[in-house]
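Just below is one structure, and these are the notes that go with it.
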Amino acid sequence: MPRVTGVLGSADAGKTARRLRLMRWYGLRDFKLKLGLGPAADSANLAVVCARLAGALAAGRCTLRVDVNGGWTADETPGRVAKLRAMGVCAVEQPVFCGASELVELARRCELPLIADESLLTDSDAEALLAEPGKLWWNIRISKNGGLVRAGRLAARAASAGSTVVLGCMVGESGILSAAQRRLLQALGPGVRFVEGNYGRLLLAGDIVRRSPRFGYGGRLSVLGGAGLGVEVDPARMARWARRVAMLGR
């Protein structure tokens, strides 16, 4: 299975640097930097991350992509993307909040691939993105894209067309969704290039499953055994974190 990406982003560049150092120490080699925190914070974060990864990026030992979260305009995006390419960035996620067809047109003007996240919701979005498979990567999320079956179909469709697939996650996802992601990765095999998720207690104060799934050294993911998703919900933890618990279909 592909290795998990380390996600970076803080209004404090010093904090970003410390997190990057810990991630590198733990063997991670793929990274995503969140932008959109303001011009000063974005510039400082880019400077520190690119400086610390420069050698590894040049040697092909690491990758760096950025997530703009729709913070740019369409007019400024091509110029910004060109500068990021010179810094070693390999792809830019959702630079503008727009529909899939608009993102296709924007990607044609950019020197790096764009990653569709909010622009990839429906089957019609997927159909539009297929117009430029080499210039548009797909960020597929199980919860965003309609569950395991539909997410799997989207990933297979993208891979068959030659598009790069990112299997993403939602912030603070529980062990249930992390386990579902691993099951999907087991089914898709080499069809996924980048993975975000399975952070477990690295992000959660408490999980609702026993033995919360989490990636290992180097971002590696092990195959989950057992039936179903391979995790077991702990009723006591569920009660602790839930606002309301209702038992159905017993």
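General remarks:
- Zero-based 10 Å bins, Cα pair distances in segment 184-250, whole percents: 16, 42, 30, 12, 0
- Using Cβ point charges alone (K and R +1, D and E -1), the dipole size of segment 95-250 about the Cα centre works out to roughly 840 debye.
- Panel values: segment 136-189, Kirkwood radius from alpha carbon pairs, Stokes-Einstein at 25 °C and 0.890 mPa s, translational diffusion coefficient 221 µm²/s.
- Farthest positive-ward along segment 1-100 dipole, Cα basis, beta-carbon charges - from Ala58, Ala100, Cys90: Ala58
- To put it simply, the accessible area of segment 53-159 at a 1.4 Å probe is 54 percent carbon and sulfur.
- Nearest-ten-degree value, helix 175-188 long axis tilted from longest Cα axis of the chain: 70 degrees
- Per residue, the chain exposes 49 Å² of solvent-accessible protein surface, assessed with a 1.4 angstrom probe and all protein chains in place.
- Helix 39-59 axis, angle to the chain major axis (alpha carbon atoms, nearest 10°): 90 degrees
- In angstrom, the C-alpha Rg and Dmax of segment 124-250 are 16.0, 49.
- Spread over its residues, the convex hull of the C-alpha atoms of segment 101-198 is 86 Å³ per residue.
- In sequence order, calculated HN-Hα J values of segment 84-94 (Karplus, 6.51, -1.76, 1.60; Hz; x Gly/Pro): 5, 4, 5, 8, x, 6, 9, 6, 10, 8, 6
- Loop-resident trypsin sites (Lys or Arg not before Pro) (DSSP state other than H, G, I, E or B) in segment 1-73 with no more than 15 further Cβ atoms inside 10 Å of their Cβ: Arg61.
- Structure-derived semi-axes √(5λ) of the Cα gyration tensor in Å - corresponding label in (1) 26, 24, 19; (2) 30, 23, 17; (3) 34, 26, 17: (2)
- Its Cα gyration tensor gives segment 13-82 an equivalent ellipsoid. The semi-axes, each the square root of 5 times an eigenvalue, are 23, 14, 10 Å from largest down.
The values are calculated or read from the model by the stated rules, or taken from the named source; none is laboratory data. Worth saying up front: this structure is predicted, and the values here are computed from it rather than measured. Glycine also receives a Cβ, built like all others from the backbone with ideal geometry; neighbour counts cover every protein chain displayed. Keep in mind that these areas ignore ligands, DNA and RNA; they rest on the heavy atoms of the full protein, side chains included. Shrake-Rupley method; radii C 1.70, N 1.55, O 1.52, S 1.80 Å.
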